[in-house]
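Below: the structure, in C-alpha cells.
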Amino acid sequence: MEAVLELKNVNKHFGKKQILHDISFSVNEGEILGFIGPNGAGKTTTIKLILGLQRIDSGEVFINGKNIKTNFKEAMERVGAIVENPDSYMYLSGMQNLELIARLYKNISKEKINELVELVGLKDRIHDKVSKYSLGMRQRLGIAEALLNSPNLLVLDEPTNGLDPEGITELRNLLVKLATENKVAILISSHNLAELQSFCTNICIIQEGKIISTESINALQHDSLGRYIIELNHLENIDSYLKEEDKKLENNMIEVGREREEISDFIFELLKNNYKIYQVKEKEKTLEQAFLERIGGENDEKSNQK
Amino acid sequence: MMKNLIKNELFKLSHRTETKVLLIFAILVTIVLNFMNYYFSETNENSYKKQLKSMIKFDEDMKKSADNIEDKIYYYSDYEINQLKLKYPLISAETGYINQTISDLAEEMYRNQFTNGINSESYLEVKKEYEEALQKLENYDWKQDINEEIKANQEVIDVLSDTTSTSSSTQTEIDYYQEVIRVLNYRLKNNIPQDGSNASNTLDEYLESLQAYKMMNKNVVTHQDKIALMEVEKALNIGKYELDHDLIKDQGNSYTTIAEELLSVASGQGFMIMFVAIFIASMIIPTEFEKGTIKQLLVKPYTRTEILVSKIIATILYFIGYTIFFLVVNWIVVGIFAGFNTIKAPIIVYDFGSKTATQVGLIPELIKCFLLVLPRFLLTMFIANLFAIGSKSTVLAMFVGLSLNMSDFTMLQKPIAKFILSNCWDFNVFANGGISMNEYVTLTSSVIVVVVTTIVVLLLSNIVFKRKEIKNQ
C-alpha cells in the first residue's frame, strides 16, 4: 500500500525554541490516522507544515509522492484541508464560497457542488451569507469545501469543534465512508481521544513536539487488557490478598490486575476464604486511559533521566 | 488558471461591504463637491443677488457711520453701484459696463462732492458724465463701445508706425496692439461682450498673457525663469490657437466643464481615486490574514507568487474599473450642475518643443493623461501592498501610501530631489516636452527611478510574501 502522506524527520523551531522534533509518520490510502495530543503539543504546527503554511526547518513532507518543498502545486492538487477553523468568506454566501474554490481546480461541475451541499446538509441555507451561519454550519461548509476537489488526502484540524453530537456522528460516518469506499487517506487531529477512538484505524500520539507512539487502535486497546473488577459481600481482611497495584473500590468492590491464567486461581482463593462473589467483570480501559498512561510513562522516563 | 485566481479576487473585492461603501461614497462626494462649487461659484446668479442685497444693507449702515472722507466716498459709490447691479444679471454686458466704467465715475463723482462741495464745477461736470453713462446703460450697446476701443487702438498703431525708427521694440508694440484689435473684433464677430462670461474671461486672459510675454525677459537664467516663460508662452499660444480656430465660444458661465473635470480626475488630481487605490492595495492581503481565509487560499495548488501576482493584478483592474466608474459619476453629476453640453468644451494641448497648440479629442486625452499618471498609482499601490504584507496591517499600509502621496518635495532644489518618488512618478509633468518644476528632475532620471523602484518593491513583496508563516491562533 502506498503512503499518501509521509513525513520524514520533520523539525521546526520558533526562534530558539524547538517546536517539533523529528516528526515522522505516514498515512496510507483508506487509513484514518487520529493525531492526538494535548493543546500546545504541536498538532496544528505539524498540520501547517504539511500544508505549506509554515516553513519546514529540516526534514521532508511527501504528498502522493511529491515533495511539498519542490513540487508544491502538484502535491496540493488532491488535498482537502481544514486548519484551525473553517475559513470561509463571511460576506459571501455558502454557495459563493464553494464556487470560489471550485474555480481554483480543474473541472469541478455544478453537480459536484450541489452533491456536496446535500451531503453536509446545508441545502436550505446555502444561499445565506456565511456570517449568519452557526459555528456548526460553518464547520459543515468547511467540510464541503475541503471535499470539492475529490481529495485523496484529507487533513482535518480539530474538525469536531462546534459540532453537536449528532453532527459529530454524521462526520464520523462520512469519514469512514470516504476512507473505505473512496480510499481517502485522512489525518484528523483532536485533543479529545474519545471522539476518534471509535473510527480511526491508527493513532499517532504527539506530546511536546515529539511522536510518542504510532500504532493501530487494536494494539493500543490491547494495553488495556488484564484488569478485573470483583464485587464481594465484604472487604474485611481483603488487603492480605491484594497486590500493590490493586485497589479497593466503593460498594465492596475491588479492582485487581491479573493475567488471564491467574484470575481463576485468585477467585478460587477468595471463595476458599469464605468471601462471596457477586460479579466479576473485565475492566475495559478506554483509549484515553491508555493514552494517559503512555504520556505518563514518557514523563516518568524523563524524570528518571534527570 | 491564474485567470481564475484573478477572477476570484475581483469577485471577493466587489462583494465586500467596504468597496460597496466606496462606490456610494464616490457618488456622494461628487454631488456634494459640485453642489458647493455650483452654489458658491462666482457665477451663481442666486447667491450673487443675495450677496448684493446684503452688501447694500451694509453700505447703507456704513454711509451713516463713516467718519472720514475716503470711507464716505467708498460706501456712497458702492451703495449706488450695487443698487445698479441688482437690476442686471451677473453675466451681462450691462454688468460689465457698470464694473468697468460706471463704478469709476461714481467714485469720482462722490470724491468731488465730498471734497469740493455740491456746487463745485468739477462735481457738476462728473455728475453730468455719470448721468450720461446711466442713460447709456439703459439702452446699452456694447458693440459701440468695442468699436470705439478698436478705433483708439488703431490710432495708437498709427502713431507708432509714423515714427521713423522702426526698431524691433516698436514692432513688438505694434504687434501687441494689432492682437488687441483682433480680440476686440473677435468679440464683435462672436458676440462676446465684456460680461464676465467664460468666453470673455478667456479673451481677457489671452490679452494678459500677451502683455506678460511682452514685458518678459526672454534670456532666462534660472530654472524658475525658464518655467515661467514656458507657462506664458503656453498660455499665449493656446490663446492664439483658440482665436485662430474660433474656439472661444459661448461655453456658458458654468463654474467648470465636464471635459475639465474628467481630465482632472484622469490625470490623478483628485483625492478619491488615489484613496481607493491605496485602500484596496492596503486591505487585499491583511483582511485575508485577519479572518484566517488566507490559509484556505494558500493550501490550493498555486504557488505563493501566483497568489500574490493575482492579487496585485486584481487590485490594478479594480482600480481602473473604479476610475472609469468615477469618471462616469463625474460626467453625470457635473453635467447636471454645469450642463451636459460642457463636455464639448475644446481641449487644446500645447507642445513645449515645437511651441504649437493643437486641439485633441476628449477620450484620447483622458486615456493619455491616465496612462501618464498610472506609474504613480501603480507604485503607490505596490508600496502600500508591500507594507501590508510585511505588517499585515491595513492601517499602516494606508498611512505609508497616503504619506507618500501627500508629501511634496517639488521645491527641494537639491540633486537628491531626483530620487524622490513623488517628484518623478507623474509623467504628465513631462507630457508634450514639459519639464519638472524641479531643475534636477529630468525625464530620464524619473524613468530610471520609477522602473528601479517598481522592480525592487515587487521583488521584495514576493520575497516577504513567500516567507510569510501562518502563525497558530
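Quick look at the values:
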{"item": "Difference of contour (0.36 nm per residue) and Cα-Cα distance, residue B:354 to residue B:71", "result": "96.6 nm"}
{"item": "Packing rank of A:160-170, A:243-253, where each peptide gets the mean count of other beta carbons within 10 Å, highest leading", "result": "A:160-170, A:243-253"}
{"item": "Check: the protein assembly as shown dipole with +1 on Lys, Arg Cβ and -1 on Asp, Glu Cβ, in debye", "result": "2460"}
{"item": "Of B:53/B:344; A:210/A:243; A:43/A:247; A:106/A:183; B:214/B:344, pairs whose Cα-Cα distance is over 26 Å", "result": "B:53/B:344; A:210/A:243; A:43/A:247; B:214/B:344"}
{"item": "Degrees, to the nearest 10: B:142-162 long Cα axis against longest axis of chain B", "result": "80"}
{"item": "Length gained when the stretch residue B:271-residue B:471 is fully extended (0.36 nm per residue, less Cα-Cα span)", "result": "68.4 nm"}
{"item": "Rounded to 5, percent antiparallel among DSSP beta bridges of chain A", "result": "65"}
{"item": "Computed label-point distance, nm, for sites residue A:14 and residue B:363 using a 7 Å Cα→Cβ extension", "result": "5.8"}
{"item": "For segment B:349-432, accessible area per residue (1.4 Å probe, heavy atoms of protein chains only), Å²", "result": "46"}
{"item": "Approximate shape of chain B as ellipsoid semi-axes (Cα gyration tensor, √5λ), whole Å, largest first", "result": "56, 28, 20"}
{"item": "Extreme residue, positive dipole direction of segment B:186-340, given options B:270, B:309, B:216 (C-beta unit charges)", "result": "B:309"}
{"item": "Computed E for residue A:28/residue A:255 - FRET, C-beta separation, R0 56 angstrom, nearest 0.05", "result": "0.90"}
{"item": "Extension gain, residue B:62 back to residue B:119 (0.36 nm per residue minus Cα-Cα distance, nm)", "result": "18.1 nm"}
{"item": "Anisotropy class of segment B:388-433 from Cα gyration tensor, a/c 1.5 cut", "result": "prolate"}
{"item": "Segment B:222-263 - convex hull of alpha carbons, volume per residue in Å³", "result": "97"}
{"item": "Highest-first arrangement of B:239-249, B:281-291, where packing means the average Cβ count within 10 Å", "result": "B:281-291, B:239-249"}
{"item": "Where the Cα pairs of segment B:43-140 fall when distances are cut into 10 Å bins, in %", "result": "16, 43, 33, 7, 0"}
{"item": "Viscosity 1.567 mPa s, temperature 4 °C, Stokes-Einstein D of segment A:20-114 from Kirkwood C-alpha radius, µm²/s", "result": "83"}
{"item": "Partner aspartates and glutamates for residue B:355 [C-alpha distance under 19 Å; skip if fewer than 8 residues away on the same chain]", "result": "B:175, B:179, B:205, B:208, B:225, B:231, B:233, B:242, B:244, B:365"}
{"item": "Average partner coverage of A:54-60, which counts Cβ from other chains inside 10 Å", "result": "1"}
{"item": "Percent accessible area from carbon and sulfur atoms, chain B, protein chains only, probe 1.4 Å", "result": "60"}
{"item": "Fraction of the pair-distance distribution of the protein assembly as shown above 50 Å, Cα-Cα pairs, percent", "result": "47"}
{"item": "For segment A:31-54 and segment A:113-160, distance of Cα centres in Å", "result": "21"}
{"item": "Sequence ranges B:446-456, B:79-89, ranked by mean other-Cβ count within 10 angstrom, highest first", "result": "B:79-89, B:446-456"}
{"item": "With DNA, RNA and ligands ignored, accessible area of residue A:55 (1.4 Å probe; Å², nearest 10)", "result": "90"}
{"item": "Among A:107, A:192, A:233, residue whose mean-square fluctuation peaks in a GNM of chain A (springs only between Cα atoms under 10 Å)", "result": "A:233"}
{"item": "Theoretical FRET efficiency, 1/(1+(r/R0)^6), r = Cβ-Cβ of residue B:444 and residue B:4, R0 35 Å, to 0.05", "result": "0.30"}
{"item": "Point-to-point label distance, residue B:452-residue A:247, nm (Cα→Cβ direction, 7 Å offset)", "result": "7.6"}
{"item": "Whole-angstrom Cα spans of segment B:141-253 along principal axes, big to small", "result": "46, 37, 21"}
{"item": "Degrees between helix A:110-119 axis and first principal axis of chain A (Cα, 0 to 90, nearest 10)", "result": "20"}
{"item": "On Cα atoms only, tilt of A:94-103 relative to the major axis of chain A in degrees", "result": "70"}
{"item": "Chains B and A together, accessible area buried on both sides, 1.4 angstrom probe, square angstrom", "result": "3100"}
{"item": "Beta bridges by DSSP in the protein assembly as shown, antiparallel share as percent, to the nearest 5", "result": "70"}
{"item": "Gyration tensor verdict on segment B:341-435 (Cα atoms; rounded if a/c is under 1.5, prolate if a/b is larger than b/c, oblate otherwise)", "result": "oblate"}
{"item": "Among B:66, B:183, A:146 - extreme Cα towards positive end, dipole of the protein assembly as shown, charges at beta-carbon", "result": "A:146"}
{"item": "Set of aspartates and glutamates with alpha-carbon distance to residue B:418 below 16 Å, sequence-local pairs under 8 removed", "result": "B:408, B:426, B:439"}
{"item": "Pair residue B:83, residue B:143: separation of 7 Å Cα→Cβ label points (nm)", "result": "3.3"}
{"item": "Cβ-Cβ FRET estimate between residue A:123 and residue A:198, R0 fixed at 30 Å, reported to 0.05", "result": "0.60"}
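The values are calculated or read from the model by the stated rules, or taken from the named source; none is laboratory data. Predicted model, so just to flag it, every value in this text is computed and none were measured. So basically every Cβ, Gly included, is an ideal-geometry build from the backbone, and we count neighbours across all protein chains shown. Only protein heavy atoms, including side chains, enter the accessible area calculation; ligands, DNA and RNA are left aside. Shrake-Rupley method; radii C 1.70, N 1.55, O 1.52, S 1.80 Å.
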